[in-house]
Every structure is written in C-alpha cells, then in structure tokens.
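The values are calculated or read from the model by the stated rules, or taken from the named source; none is laboratory data. Model, not experiment: these values are computed from the prediction. Cβ sites come from the backbone with ideal geometry, for glycine too, and all protein chains shown count toward neighbours.
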Protein chains: 6
Amino acid sequence: MTEPWLPSLTTATPEEGFALAVKLSRTAVKMAQPSEEIRTRLRSAYEDNADSLIAISHVVAANFQTVAAANDYWREA
Amino acid sequence: MTEPWLPSLTTATPEEGFALAVKLSRTAVKMAQPSEEIRTRLRSAYEDNADSLIAISHVVAANFQTVAAANDYWREA
Amino acid sequence: MTEPWLPSLTTATPEEGFALAVKLSRTAVKMAQPSEEIRTRLRSAYEDNADSLIAISHVVAANFQTVAAANDYWREA
Amino acid sequence: MTEPWLPSLTTATPEEGFALAVKLSRTAVKMAQPSEEIRTRLRSAYEDNADSLIAISHVVAANFQTVAAANDYWREA
Amino acid sequence: MTEPWLPSLTTATPEEGFALAVKLSRTAVKMAQPSEEIRTRLRSAYEDNADSLIAISHVVAANFQTVAAANDYWREA
Amino acid sequence: MTEPWLPSLTTATPEEGFALAVKLSRTAVKMAQPSEEIRTRLRSAYEDNADSLIAISHVVAANFQTVAAANDYWREA
C-alpha cells in the first residue's frame with residue numbers, strides 16, 4: 001500500500017546521490033526514534049552542537065560511500 | 001533446532017536490505033547485552049539522546065554497506 | 001603448539017561469519033587488555049551503558065564487512 | 001536555475017579530490033544546520049578543540065575514500 | 001640503515017594479518033606521541049576504560065580490513 | 001606556483017604509504033584550523049590524552065585504506 005521509501009540506490013546525479021545518503025542517515029534515526037515530536041526536540045539540541053554536526057556528516061559520508069558505489073560513481077555522467 | 005537468524009545477506013529490495021542492516025546492528029547489541037530487561041531500560045535513555053541516535057545511524061550505515069555490496073546494490077531491480 | 005585462534009576467515013554461513021566478527025572484535029580488546037579479571041570488571045560497566053553497546057555494535061559491523069567480503073557474501077548459499 | 005554544487009566526483013588531481021572530500025564533509029553539516037550565523041559561532045568552538053578537529057579529519061577521510069575510488073585513485077596521473 | 005617496520009602487507013596467515021593490524025594501529029599512536037614514557041603512562045589509563053578498549057578494537061578492525069584485502073582474505077589458505 | 005602537496009597517491013613502499021596516510025590526516029586538520037600557533041597549543045592537549053591518540057590512529061587507518069588500495073596493496077613489492 002505505502003510507497004517504498006527506498007525503491008533504488010540508483011540516482012541520476014551525484015547530487016541526488018548525496019541527498020539519498022542524507023535520507024538514509026535520517027531514516028535510521030527515525031527507525032530508532034519513531035516519535036517526530038521527540039526528534040524535533042532533539043534537533044534543537046544537536047543543531048547547536050558542533051560535535052553532533054560533525055558526527056552527522058560522518059554518517060552521511062558512510063552512506064554516500066554506498067550510494068556512490070551503487071552508481072559506479074556516476075562516471076559516465 | 002532454532003531457525004537461523006541470518007540465513008542470507010540477499011534481500012529482494014534495497015528497503016529490505018536496509019531493514020536487515022538495522023537487524024544486524026541490533027543483534028550485535030543483543031550479543032553484548034543478552035538481557036532484554038536491561039536493553040529496554042537502556043533504550044529509554046538513548047532514545048532521548050541525539051548523539052546516541054546519530055551513533056546508531058552510523059552503525060546501520062556500516063552494516064548497510066555490507067548488505068548493499070552483497071546484493072550488488074540491487075542494480076537489476 | 002597452541003591452536004591458531006583465527007585459522008581462516010571462511011565460514012559456512014553468514015551467521016557463523018557474524019559470530020567470527022564478534023570474535024575478532026573481542027580479540028582486539030583482549031590483546032589490549034590481557035587480564036580477564038579486569039575485562040570482567042569492565043564488562044559490568046559497559047553492559048549497562050547504551051553508548052558502549054552501540055560502539056561495540058559498530059566494531060562488529062566493521063569486522064563483519066571484512067568477513068563478509070572474505071566469503072564473497074555467501075552468495076552461493 | 002542554481003548551479004549543481006556536485007556536478008561530478010571526477011577531479012583532475014588527487015589534491016582537487018581531497019578538496020572535494022572537504023567540500024562533501026562541509027555540505028553535510030550545512031544541510032543539517034543551514035544557518036550560516038550558527039555555523040560561524042560553532043566554528044569558534046570546534047576550531048579550538050583537538051577532538052573536534054580529529055573528528056573532522058575522520059569525516060574527510062571517509063569522503064576521500066569515495067572520491068579517490070571514483071577517480072580510480074588517479075593512477076594514470 | 002634501520003629495518004623498515006612495514007616491509008609488506010602480505011602475511012602467511014589471517015592470524016599474522018590480525019597482528020599486523022594491531023601493529024599498524026599502535027604505530028599511528030607512536031607517530032603522534034613518540035615518547036614511550038608518556039605512552040606507558042597513558043596505557044594505565046585506557047587499559048581500565050571500557051570505551052577506550054572498544055575504540056582500540058575499532059581501529060584494529062579498520063586496519064584489518066586493509067590487511068585482509070591485501071592478502072585477498074587468505075582464501076587459498 | 002606552489003608545489004602540490006599531494007601529487008599522487010602512489011608510493012614506493014607500504015611504509016611510505018602509511019606516512020602519506022598520516023599526512024592526509026594532518027592536512028585535513030590544517031584545513032579546518034590553519035593557525036599553526038593554535039594547532040601547536042592543541043597538540044600539547046591531545047598528546048597526553050589516550051582517547052585522542054586512539055582517534056588519531058583511527059583517522060590514519062581510514063586514510064591508509066585509501067592509499068593502500070591506490071597502490072594495489074604493494075603486492076608486487
């Protein structure tokens with residue numbers, strides 16, 4: 001019934017691939033903390049914390065490794 | 001006797017692959033802390049901690065790298 | 001004289017591969033802290049700490065990447 | 001309308017590839033904290049913190065893995 | 001004049017490969033803190049800290065990924 | 001005008017490759033904190049901190065993965 005949130009790892013461009021990496025990172029957080037209310041409250045904490053932002057960037061980097069490999073690094077693009 | 005909890009790394013879709021990555025991440029926690037009672041108590045702590053949630057997302061990303069590679073990134077899908 | 005603790009990275013199933021990843025993670029800890037008495041004492045600390053358990057799961061994920069690649073992801077299984 | 005910020009992972013040299021890895025790391029931070037004012041304030045904190053700088057270097061390393069692979073490690077260069 | 005400390009990434013067995021991963025992890029520490037006296041003092045701190053030991057195991061896992069790949073996972077062994 | 005600081009990822013030996021991984025790790029720190037004065041001050045802090053040294057070793061491990069792959073693990077050496 002519901003649309004799949006992750007139909008494919010293929011994206012048209014590196015930029016869309018990076019956005020997908022961000023989405024993967026956020027989805028794992030949502031699965032561990034499904035309450036949008038709590039996540040919104042937590043956001044106001046980490047948004048102001050340099051180390052949290054660096055940690056977020058690290059997670060995105062890990063997911064971007066996967067997405068980029070899946071797209072063969074968009075070499076033909 | 002017991003069903004294997006990890007019969008294969010192959011999944012039909014990226015979405016199921018991501019769910020498997022979450023399962024792998026949780027299983028490693030279970031192996032280090034087998035008591036469900038303690039894990040439930042700990043959950044109420046990390047669920048409210050942005051840095052813990054980001055760390056969880058990082059573990060899922062690492063496992064998703066493995067699962068995605070195992071499925072050749074679901075390129076044919 | 002002593003049996004090798006790591007004769008091979010090859011395992012029959014993904015589940016055994018995951019157990020091997022756990023073993024690799026623990027062995028590195030043992031090499032840094034050989035005293036079983038101290039490790040047992042430390043265990044009572046990290047077992048009750050969500051962030052420690054998440055960190056353990058991250059190490060297992062890293063080692064599972066290696067073991068899974070060594071087994072070509074058990075694709076034939 | 002806007003120029004893509006990430007048109008390609010291909011760079012002419014390893015050095016440009018490293019700069020791109022830095023850019024990827026920063027862009028993920030920007031996406032999590034879009035306010036330039038807050039980011040500038042946070043910068044004065046992490047710039048003086050050794051552990052934050054080490055963490056930043058780790059994120060760059062993760063992104064450089066991706067960029068270097070995308071360029072086949074500039075082996076022909 | 002001095003013997004190279006890292007003549008090759010090739011090892012005869014997985015176990016020697018794991019020992020090499022430990023060596024790589026320690027060498028990076030030595031390069032950042034060359035004083036053996038200080039390292040010995042620090043050791044008494046981290047040896048008693050579960051999170052430090054887990055972090056050490058993570059570094060070893062990262063280096064073991066490299067060594068294992070270099071040896072094609074000792075598949076012929 | 002200036003010499004490129006990273007002309008190539010290719011090195012003659014594994015040992016030089018490891019030194020390059022250390023250089024990559026330090027360069028990312030320099031880019032985030034260009035002041036040599038501040039970096040020198042911070043060094044006196046992290047040099048005495050076991051967890052910082054372990055974190056540094058982790059960054060070097062990540063960069064060494066890249067450099068080692070770029071050199072095909074110096075298998076012919």
**Request:** Note down all Cβ pairs under 8 Å where the first residue falls in the stretch F:62-77 and is within 22 Å of D:Ile56 (Cβ to Cβ), the second is basic (Lys, Arg), and they're at least six residues apart or on different chains.
**Result:** none
**Prompt:** Can you name the residue in the stretch C:9-21 that is within 11 Å of chain E (Cβ to nearest Cβ) and within 23 Å of B:Thr2 (Cα to Cα) and is also surrounded by the most Cβ atoms within 10 Å (Cβ to Cβ) among such residues?
**Reply:** C:Ala21
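Does A:Trp74 meet the test of being surrounded by fewer than 16 Cβ atoms within 10 Å (Cβ to Cβ), hydrophobic (A, V, I, L, M, F, W, C) and at the interface with another protein chain (Cβ under 7 Å from one of its Cβ atoms)?
The answer is no for A:Trp74.
Regarding E:Pro4, is this residue surrounded by fewer than 18 Cβ atoms within 10 Å (Cβ to Cβ), modelled with pLDDT under 95, within 10 Å of chain F (Cβ to nearest Cβ) and within 25 Å of F:Leu24 (Cβ to Cβ)?
Details: surrounded by fewer than 18 Cβ atoms within 10 Å (Cβ to Cβ): yes; modelled with pLDDT under 95: yes; within 10 Å of chain F (Cβ to nearest Cβ): yes; within 25 Å of F:Leu24 (Cβ to Cβ): yes.
Criteria met by E:Pro4.
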**Message:** Every residue in the stretch D:28-66 that is β-branched (Val, Ile, Thr) and surrounded by 24 or more Cβ atoms within 10 Å (Cβ to Cβ), please.
**Reply:** D:Ile54, D:Ile56, D:Val59, D:Val60, D:Thr66
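Of everything in the stretch E:48-71, what is over 17 Å from E:Pro14 (Cβ atoms) and facing chain F (nearest Cβ under 9 Å)? Give them in sequence order.
E:Asn49, E:Asp51, E:Ser52, E:Ala55, E:Ile56, E:His58, E:Val59
Residues to consider are C:Asn63, C:Asn71, C:Asn49; find the one that is over 14 Å from the mean Cα position of the chain (by Cα) and within 25 Å of B:Arg43 (Cα to Cα). Quick ask: steps written out before the conclusion?
Working: C:Asn63 fails: over 14 Å from the mean Cα position of the chain (by Cα); C:Asn71 fails: within 25 Å of B:Arg43 (Cα to Cα).
Within the list C:Asn63, C:Asn71, C:Asn49, the selection yields C:Asn49.
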**Message:** I'd like the full set of residues that are over 8 Å from the mean Cα position of the chain (by Cα) and free of Cβ contacts under 8 Å to residues at least 12 places away in the same chain, limited to the stretch D:13-27.
**Reply:** D:Glu15, D:Glu16
**Item:** Residues of the stretch B:28-44 satisfying the condition of being facing another protein chain (nearest Cβ under 7 Å) and closer than 23 Å to A:Ser25 by Cβ
**Value:** B:Ala28, B:Val29, B:Leu42
**Asked** Somewhere in the stretch B:39-58, is a residue of a type in the set (Lys, Arg) and under 19 Å from C:Val22 (Cα atoms)?
**Response** yes
